[in-house]
Amino acid sequence: MARTNFKKHIVCIGAGYVGGPTMAMIAARCPEYAVIVVDINPERIAAWQTDCLPIYEPGLLELVRESLGRNLFFSTDINANIHKADIIFVSVNTPTKTYGEGAGKAADLQYWEKTARTILQVSDSNKIIIEKSTLPVRTAHAMERILNANEKGLHFEVLSNPEFLAEGSAVADLEKPDRVLIGSRETESGLKARAEIVDIYAHWVAPERILTSNLWSAELSKLVANAFLAQRISSINSISALCEKTEASVREVALAIGTDSRIGSKFLNASVGFGGSCFKKDILNLVYICEHYGLHEVARYWESVVMMNDYQQQRFVTNMIKVMFNTVADKRIVLLGFAFKANTSDTRESPSIFVARKLLGEHARLVISDPQALDNARIDLQDCTQRIEFSEDPYAAAHKAHAIAIMTEWDIYRDLDYERIFNHMEKPAFIFDGRNILDHEKLFNIGFNVFSIGKPPLKHF
Ligand code: NAD
Ligand code: UGA
C-alpha cells in the first residue's frame, strides 16, 4: 500500500455486482479512507485489478481505475482485513433457499452468517457492521446476537444500508442516488454509528437525499422497493395480454396512464417478463416473511406478482410455437439478447433462459446472440449445448433462420438492417419482439410476420 495513514479502514465482504461498484464509488469520493474489498473467490478478486473486470457495467472501469492502488484495494485475505477494519460492509449473496425449511422462498442466509462468525472470530476491536446485502426484516437482530455474544468485551454496532442501484446503470445510480437509506438502533452508540455512515455518503450525496430510519424500516424498505417495482411490471404485463385480444396497444395505454403524475411514466414497459437476481428472490422472501407472521392474504397478494411474471414468459414462448404452425422442431430460431436487461453481462433469472429451454424442449435449433452475455449464456445452458450456436454477430445468427426473438433491449438491436436480415431468412419469416423496441409497421412492410407484446399481431397469412 502506498499510503498507510488513512483516516479509517472500510472493508467490504463480497466483491460482486454490489460490493465492487459501491466500494469503487466510496473510494473515489472519500480519498482519506482506505477501502478494501475482500472475497472468497480469488478469480473475482484478481479480475477487479485488471482491465477485464468480472462484471460489465458502463463507466465502471474508469471509476475503479480512479482509486485502484491509491485507496481502493481488492484482497482475498479476509481475516487480516477484517481485523484492521473500522467499518465493515457485508455485501455477500443472499439467494433463495433451495433446501430445507422455506425452500423456494426464504433467503439463504448461510453466506451472511459465515461472515458474521468470521468477524467475531478475528476481531479485537469494536466495529460498525453494515448490512449492504438485501436481507429479511429483523436479520440485524440475529446478527447482533451472534456478534455481541462474545467474551472479548467487544461491541459491534449493526446498521442497515440497503443498496438500490440497478445493473446496467450502477455507476450513474451510485453517483446520483434518488436516496441513500441508513437504518440504525436509536441508542447512543447506534446514532453515533449512523452519523459516521451519513458522513461517508455526505461526501457526494445531498443531505436531503440521505434518509435515516430505524433498523427494521431500512431492512423492510429494500424488500418493499423491489416488490413495488416488480409489481408495476407485472401489472402492465397483465394488461398487455388484454391489449392483444382487444386491439388496444399496451404502449398507448402505458403512455395514457403514465402521464398521470400520481402513476408516473417509469417502469411501465411491457416485456417478456422481468429477470435479474433480485426481484423474484426478494418478493418470495417477502412472501415467506408474511407467511411466518400468519399474514396469508398479504403473502398471496405479493406472490401473484411473481406468478404473473411466470405467466408472461410462458405465454410468450407458447405463442411463438403456436404461430409457427405448432412446431418448431428443427427450425433455426435466433434469440437476440440473453442478458436480463440491456447494458449488463448478467443473465441471472433472465427470461431468455426459460424461453431457450422451452424451445430446446420442442427440438428447435437455437442461435444465441448478445454483445456482453455470451459467456454467462454458455454456463446457463451448459447441459444442453448440442443444438445451440453462440454468435456475437446478429446478421450471421439470422442467416437461414425461421424466426428471431428480441429478448434484451440492447440499443444495437433497434437499428439493425432488418431488410438485409429478412432477405437471408427462411420464409415465412417471423419476428417476436419481447421488448417492444422495434418499428413493427416497418418490419411488417419488409415482409416479416410481427408479434409484439401487448399489440395484436401483424401477419401476412
Ligand atoms: P454477487 O453474487 O455478485 O456477489 C456476492 C459475492 O460475495 C460473491 O463474489 C461471493 O464470492 C462473495 N461471498 C460469499 N460469501 C462470502 C464470504 N463468506 N466471504 C467473502 N465473500 C463471500 O451478488 P450481488 O449481486 O453483488 O448481490 C449481493 C447482495 O446485494 C444480495 O443480497 C443482493 O440481493 C443485493 N443487491 C444486489 C443488487 C444487484 O443489482 N445485483 C442490487 C441491490 C442489492
Ligand atoms: C432492480 C431495482 O431496479 C434496483 O433498484 C434494485 O437495487 C435491484 O433490483 C436489486 O435489488 O438487485 P435490476 O434488477 O438490476 O434492479 O434491474 P431493473 O432495471 O430493475 O430491471 C429488472 C427487470 O425488469 C429487467 O429484466 C428489465 O428488463 C425488466 N423491466 C424493467 C421491464 O420489463 N419493464 C420495465 O419497465 C422495467
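So what is the diffusion coefficient of the stretch 37-119 in µm² per second by Stokes-Einstein at 25 °C and 0.890 mPa s, using a Kirkwood Rh over Cα pairs? Walk me through the numbers before you get to the answer.
Details: Rh = 14.8 Å.
D = 166 µm²/s.
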Problem set entry | Local net charge near Pro207, Cβ-Cβ under 12 Å (Lys/Arg +1, Asp/Glu -1) | 0
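Work the Kirkwood hydrodynamic radius out for the stretch 297-389: mean of 1/r over every pair of different alpha-carbon atoms, inverted, in Å. Walk me through the numbers on the way to the answer.
Working: mean 1/r = 0.0707 Å⁻¹.
Mean inverse Cα-Cα distance, inverted, gives 14.1 Å.
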For this session: Pop out the ³J(HN,Hα) list for the stretch 194-206 in order, Karplus 6.51 cos²θ - 1.76 cosθ + 1.60 with θ = phi - 60°, rounded to Hz; leave Gly and Pro as x.
Result: 4, 4, 5, 6, 4, 4, 4, 5, 5, 4, 9, 10, 4
Exercise. What are the principal axis extents of the Cα atoms in the stretch 81-136, in Å, biggest first?
Worked result: 38, 19, 14
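For Ile40 and Gln382 in one chain, what is 0.36 nm times their gap in residues minus the Cα-Cα distance, to one decimal in nm? Walk me through the intermediate numbers first.
On the way: separation 342, 0.36 × 342 = 123.12 nm, distance 2.42 nm.
Contour length minus Cα-Cα distance gives 120.7 nm.
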Seminar exercise, completed: About its Cα centre, the stretch 164-212 carries a charge dipole, from +1 on Lys and Arg Cβ atoms and -1 on Asp and Glu Cβ atoms, whose size in debye to the nearest 20 is 100
Seminar exercise, completed: The answer for Cys12, listing residues at least 5 apart or on another chain whose modeled amide H is closer than 5 Å to its amide H, is Ile36, Val37, Val38, Phe89
Exercise. Taking a point 7 angstrom from the Cα of Cys52 along the C-beta vector, which residues in the stretch 363-388 have backbone N less than 13 Å away?
Worked result: 375
Problem set entry | Part-to-part distance (alpha-carbon centres) for the stretch 18-61 and the stretch 422-461, which is given in Å | 42
For this session: Starting from 0 in steps of 10 Å, tell me what percent of the Cα-Cα pairs of the stretch 175-214 lands in each bin.
Result: 33, 53, 14, 0
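Would you please name the GluC sites (Glu not before Pro) within the stretch 67-135 that are DSSP coil residues with at most 11 other C-beta atoms within 10 Å of their C-beta?
On the way: sites: Glu101, Glu113, Glu131; in loops: Glu101.
Taking the stretch 67-135 and a limit of 11 other Cβ atoms within 10 Å, the loop GluC sites (Glu not before Pro) found are Glu101.
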For this session: Starting at the first residue of the stretch 382-391, write each ³J(HN,Hα) from the Karplus equation 6.51 cos²θ - 1.76 cosθ + 1.60 with θ = phi - 60°, in whole Hz, x for Gly and Pro.
Result: 4, 7, 8, 7, 4, 9, 10, 10, 10, 8
Seminar exercise, completed: Length gained if Lys152 through Glu66 is fully extended, taking 0.36 nm per residue and subtracting the Cα-Cα distance, is 27.1 nm
Problem set entry | Estimated 222 nm signal from helices in the chain, with DSSP H stretches of n ≥ 4 weighted -39500 (n - 2.57), rounded to 500 | -13000 deg cm²/dmol
Seminar exercise, completed: Candidate cut points under GluC sites (Glu not before Pro) in the stretch 6-67, DSSP loop plus at most 13 other Cβ atoms within 10 Å of their own Cβ, are Glu32
Seminar exercise, completed: Shape descriptor, the stretch 231-286: equivalent ellipsoid semi-axes (Cα gyration tensor, sqrt 5λ, whole Å, largest first) stand at 22, 15, 8
For this session: Quick one: dipole size for the stretch 302-430, taken about the Cα centre, charges +1 on Lys/Arg Cβ and -1 on Asp/Glu Cβ, in debye to the nearest 20.
Result: 520
Exercise. Ranked highest first by average number of other Cβ atoms within 10 Å, how do 380-392, 425-437 line up?
Worked result: 425-437, 380-392
Exercise. Distance in nm between label sites at Thr246 and Lys322, each 7 Å beyond Cα in the beta-carbon direction?
Worked result: 1.8
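Kindly rank 44-54, 283-293, 13-23, 119-129 from highest to lowest mean number of other beta carbons found within 10 Å of each residue. All intermediate terms of the calculation are to be shown ahead of the outcome.
Values: 44-54: 15.6, 283-293: 20.2, 13-23: 25.1, 119-129: 17.5.
The densest-packed peptide leads the list: 13-23, 283-293, 119-129, 44-54.
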For this session: Pairs of Cα atoms under 8 Å, at least six residues apart: use those to get the relative contact order of the chain, whole percent.
Result: 12
Problem set entry | Calculated diffusion of the chain, Stokes-Einstein form, Kirkwood radius summed over Cα pairs, 25 °C and 0.890 mPa s, µm²/s | 103
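How much FRET efficiency would the formula 1/(1 + (r/R0)^6) give for Phe461 and Ile257, where r is the Cβ-Cβ distance and R0 is 56 Å, rounded to 0.05?
Values: r = 34 Å, r/R0 = 0.60.
About 0.95, to the nearest 0.05.
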Problem set entry | FRET E, pair Ala206, Asp330, Förster distance 51 Å, beta-carbon r, rounded to 0.05 | 0.30
Exercise. Taking one equal scatterer on every alpha-carbon of the stretch 125-255, how large is log10 of I(q)/I(0) by Debye at q = 0.10, 0.20, 0.23 1/Å?
Worked result: -0.45, -1.13, -1.33
For this session: Give the residues of the stretch 275-306 whose amide nitrogen is closer than 16 Å to a point set 7 Å from the Cα of Ala142 in the direction of its Cβ.
Result: 282, 284-293
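Shape verdict for the stretch 163-235, please, from the Cα gyration tensor: rounded (a/c under 1.5), prolate (a/b greater than b/c) or oblate. All intermediate terms of the calculation are to be shown ahead of the outcome.
Numbers: a/c = 3.11, a/b = 1.41, b/c = 2.20.
Oblate is the answer for the stretch 163-235, as a/c is 1.5 or above yet b/c matches or exceeds a/b.
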Exercise. By DSSP, what percent of the beta bridges with both residues in the chain are antiparallel, rounded to the nearest 5?
Worked result: 5
Problem set entry | For Val367, residues with placed amide H under 5 Å, excluding near neighbours | Ile333, Val334, Leu335, Glu389
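Sort Tyr56, Tyr301 so the one with the fewest other Cβ atoms within 10 Å of its own Cβ comes first.
On the way: Tyr56 19, Tyr301 15.
Ascending number of Cβ neighbours within 10 Å: Tyr301, Tyr56.
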Seminar exercise, completed: Simple spin-label estimate for Glu196/Phe6, 7 Å along Cα→Cβ, in nm, reads 1.4
Problem set entry | For the stretch 311-461, the spread of Cα positions along each principal axis, largest first, Å | 38, 31, 30
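Could you tell me which of rounded, prolate or oblate describes the stretch 8-205, using a ≥ b ≥ c as the square roots of the eigenvalues of the alpha-carbon gyration tensor, with rounded for a/c under 1.5 and, failing that, prolate when a/b is larger than b/c and oblate otherwise? Mind showing how you got there, number by number?
Working: a/c = 1.41, a/b = 1.23, b/c = 1.14.
It comes out rounded by the Cα gyration axes.
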Exercise. Taking the Cα centre of each part, how many Å lie between the stretch 212-227 and the stretch 282-338?
Worked result: 26
Problem set entry | J(HN,Hα) series, the stretch 434-439, from Karplus relation 6.51 cos²θ - 1.76 cosθ + 1.60, nearest Hz, glycine and proline x | x, 10, 6, 10, 9, 8
For this session: Pick out, from Asn326, Ala377, Ile437, the residue whose Cα sits farthest towards the positive end of the charge dipole of the stretch 316-461, with +1 on the Cβ of Lys and Arg and -1 on the Cβ of Asp and Glu.
Result: Asn326
For this session: Can you tell me which of 356-366, 270-280 comes out highest on packing, and rank the rest after it, using the mean Cβ neighbours within 10 Å?
Result: 270-280, 356-366
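Grab the beta carbon distance between Ser235 and His363, set R0 = 41 Å, and tell me the FRET efficiency rounded to 0.05. Don't jump to the answer; show the numbers that get you there.
Details: r = 35 Å, r/R0 = 0.86.
Efficiency for this residue pair is about 0.70.
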Seminar exercise, completed: Between the residues Ala256, Ala227, Cys243, the Cα farthest towards the positive end of the dipole of the stretch 217-266, that dipole coming from +1 and -1 charges on the beta-carbon of Lys, Arg, Asp and Glu, is from Ala227
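None of the figures in this text is laboratory data; all of them are computed from the coordinates on show. Since we're looking at a predicted model, the values are computed, not measured. Cβ coordinates were reconstructed from backbone atoms using ideal geometry, including for glycine residues, and neighbour counts include every protein chain displayed.
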